[in-house]
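Engineer: Just passing along the structure, written as structure tokens.
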Amino acid sequence: MNLKERKLIGHFLEMLQGRMEHKMVNRISSVYLDYFDRKELIEIVLWANDAYDRNLLAEKTEEQLLELIGDEMYVLSYTIYKWKEGITAVPKLEQAEVHRFFDQIQIDPHYLRDKPVEEWDSYDTSNYYSILVKHGKIKRVFAIFTADVKSEDKYAVTTKPSYFFDTQEEAEKELENIIAEGQFTEKDLVIHSLWHLTQN
């Protein structure tokens with residue numbers, strides 16, 4: 001599924017959310033126990049009400065956690081949040097993530113697995129991204145940034161772009177639409193390509 005299709009499904013989910021908000025019935029189906037593990041159920045409870053203590057929630061059964069969620073609207077709201085988060089997810093060069101990836105793919109020991117990430121040079125980074133591409137973990141996408149964001153800083157910005165695009169042409173078309181609205185000029189924005197985590 002490409003990003004355009006995922007954004008469309010996200011749009012439909014938000015429309016459904018709007019309808020469900022008017023019909024909150026404080027009832028939830030046990031079917032969600034088949035789709036969410038304990039950790040996710042705890043996250044949904046906290047999503048619905050952050051006043052709960054995470055440590056106390058850890059003592060609850062899955063059925064009790066489901067009761068605390070109370071309404072399917074909260075499940076949908078959480079699902080939309082995670083869906084949007086996935087649309088803009090980029091790989092992180094963090095030691096724990098690197099270990100997790102190499103352990104998951106179970107290839108012969110690779111020098112990058114235990115080389116501290118802070119010591120990686122551009123060759124190491126490029127090599128790591130190549131391995132991620134080979135295993136279907138990332139793909140190249142395009143995003144619109146403010147012009148002050150340089151290519152080398154595109155992963156470090158605190159405010160990520162709202163959407164990524166599958167092709168440069170799609171990003172350019174959206175850039176034209178933004179400029180046509182009159183709030184930005186061509187000099188204010190720039191398109192950068194970057195790596196995006198797939199759903200594999």
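Engineer: Of the residues 108, 121, 114, which single one is over 30 Å from residue 31 (Cβ atoms) and modelled with pLDDT of 90 or more?
Structural biologist: After ruling out the rest, the residue left standing is 121.
Engineer: Identify all residues within segment 142-200 that are aromatic (Phe, Trp, Tyr) and closer than 27 Å to residue 9 by Cα; write none if there are none.
Structural biologist: Residues satisfying the conditions are 142, 145, 155, 163, 164, 165, 195.
Engineer: Specify which of the listed residues (133, 141) is open to solvent by less than 80 Å² (accessible area, probe 1.4 Å), closer than 25 Å to residue 102 by Cβ, in contact with a helix residue (DSSP H, G or I) (Cβ under 9 Å, 6 or more places away or on another chain) and of a type in the set (Val, Ile, Thr).
Structural biologist: Within the list 133, 141, the selection yields 141.
Engineer: Then there's this: Go through 183, 168 for me and flag whichever is more than 25 Å from residue 95 (Cβ to Cβ), of a type outside the set (Ser, Thr, Tyr) and modelled with pLDDT under 90. Walk me through how you get there before you give the answer.
Structural biologist: Values: 168 fails: modelled with pLDDT under 90.
The match here is 183.
Engineer: Sort out which residues of segment 98-130 are open to solvent by 70 Å² or more (accessible area, probe 1.4 Å) and under 15 Å from residue 197 (Cβ atoms), and write them in order of number.
Structural biologist: 100, 104
Engineer: From the list 33, 56, 16, 66, which residue is in contact with a Leu (Cβ under 7 Å, 6 or more places away or on another chain), of a type in the set (A, V, I, L, M), open to solvent by 70 Å² or more (accessible area, probe 1.4 Å) and part of a helix (DSSP H, G or I)? First the steps, then the outcome.
Structural biologist: Values: 33 fails: open to solvent by 70 Å² or more (accessible area, probe 1.4 Å); 56 fails: in contact with a Leu (Cβ under 7 Å, 6 or more places away or on another chain); 66 fails: open to solvent by 70 Å² or more (accessible area, probe 1.4 Å).
Going through 33, 56, 16, 66 in turn, the sole match is 16.
Engineer: Hey, among the residues in segment 131-183 that are acidic (Asp, Glu) and part of a loop (DSSP other than H, G, I, E, B), which one's farthest from the chain's Cα centre (by Cα)?
Structural biologist: Of everything passing the filter in segment 131-183, 181 is farthest from the chain's Cα centre (by Cα).
Engineer: When both residues are 6+ apart or on different chains and their Cβ atoms are under 8 Å apart, which pairs have a first residue that lies in segment 101-124 and is within 18 Å of residue 135 (Cβ to Cβ), and a second that is modelled with pLDDT of 85 or more and in a loop (DSSP other than H, G, I, E, B)?
Structural biologist: Within 8 Å, the pairs are 101/137; 102/110; 105/135; 112/120; 124/115.
The values are calculated or read from the model by the stated rules, or taken from the named source; none is laboratory data. Values in this document were obtained by computation on a predicted structure and should not be read as measured data. Note that we place each Cβ from the backbone using ideal geometry, even for glycine, and neighbour counts take in every protein chain shown. What goes into the accessible areas is simple: the full protein's heavy atoms, side chains included, and nothing from ligands, DNA or RNA. Shrake-Rupley method; radii C 1.70, N 1.55, O 1.52, S 1.80 Å.
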